[in-house]
1. Return the whole-Å distance between the Cα centroid of the range 338-378 and the Cα centroid of the range 174-195.
2. Taking the Cα atoms only, what angle lies between the long axis of helix 79-88 and the longest principal axis of the chain, rounded to 10 degrees?
3. State the Cα centre-to-centre distance between the range 94-159 and the range 35-55 in whole Å.
4. Just to be sure I understand, if you calculate semi-axes √(5λ) of the Cα gyration tensor in Å for this structure, which of (i) 61, 25, 19; (ii) 49, 21, 17; (iii) 45, 24, 22 do you get?
5. Please report the antiparallel percentage of the DSSP beta bridges confined to the chain, to the nearest 5.
6. Which residues in the range 1-34 place their backbone N less than 17 Å from a point set 7 Å from the Cα of residue 87 along the Cα-to-Cβ direction?
7. For every helix of n ≥ 4 consecutive DSSP H residues, a contribution of -39,500 (n - 2.57) applies; sum these over the chain, divide by its total residues, and give [θ] at 222 nm rounded to the nearest 500 deg cm²/dmol.
8. By how many degrees, between 0 and 90 and to the nearest 10, does the Cα long axis of helix 428-443 differ from the longest principal axis of the chain?
């Protein structure tokens, strides 16, 4: 039996504790907050989308950074085993649209409570209000932790499960990366991921609160600073080609800059007081590195992806035939929500007083082009305070993927967001936490 200290009572830390206890170890979880699972409580809008019910082989296609590193962890404790663990320990689950798995109660607290009960029932301890200052490394191996109050806790193994820097109010302030650096590890520079985007266009802010469903989005690095702006004179209704629809998966990180799309997907988005957000935009942000592309990214929206340009033109002509004297704003309201229809008229550069009957074939074609290709320029991402996860962290090459143990310091393990692995929305990041935490705890 080994004495195991786990830093962080988040998803990875709690699961690591459960796994280590199952192996018969003495386990102490050290948490600087007043309660466990603080970030779990806010996931899934308080409901906790704790995993995805997709096939395990499909899981890795949703991982943006270093998916191959996760093979052993995920196959060793996959989504079916995660679901079985929670249901067997008193947390019934349900599967909703998009293979998203939630507690039947719709309370994220039930997920945390299940883990904490398991730990306490099996003799584990959780020490709250205790901040770790540093690791204790003796004779080249992990030997415990040193607390901020000066006290030391000895251990045979230490698992760092401190998360990244997303939602810092939950306690994720990058402490684990500091511990890793002090132990000699390489830490990849972090950036916010699964994060809303700031746009150049004022008209996006005018649509604050408007959600659009079933739109297609393609993202490319900006080659120039031109994007559609109502007051810039740079945009016209006949600009662009049809936006591509896709699976909703990013294309991952590459060392060479690409002129082609870094992301294409389909889903729901939201306009905000600073730009755009919503599931589709958050997922796209995983593939958008503003440090690599300082000019930003062009977001191309297809507002009617289910229709070809020809089908859309016929739809507009039918609306004109039904009410030939309806002015352009009224015509657009037959296609879009009221506020968006006004913006579309402005982007078209057509006179709002024009009637549908007065539109030429060329102008109808231009309206179709605009509908299929609305370009928004994203100038930056919001900060870590609004990011669901961090992209970056401890270099996976310095961690044994079959155990999660450091290749540099025996007895030191890492799990969860502290490692440079991240995925899109839909329960995949929590699955990474469960899988890596379970593997670390099981491997001691």
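Laboratory data are not the source of any read-out in this text; all were calculated from the coordinates shown. Since this is a predicted model, take the numbers as computed values, not measurements. Here the Cβ is made from the backbone with ideal geometry for all residues, glycine too, and neighbour counts use every protein chain on show.
1. Between the Cα centres of the range 338-378 and the range 174-195 lies a distance of 47 Å.
2. 60 degrees
3. 16 Å
4. (ii)
5. Around 75 percent of the beta bridges assigned by DSSP in the chain are antiparallel ones.
6. No residue passes the distance filter.
7. -8000 deg cm²/dmol
8. For 428-443 against the chain, the angle is about 10 degrees.
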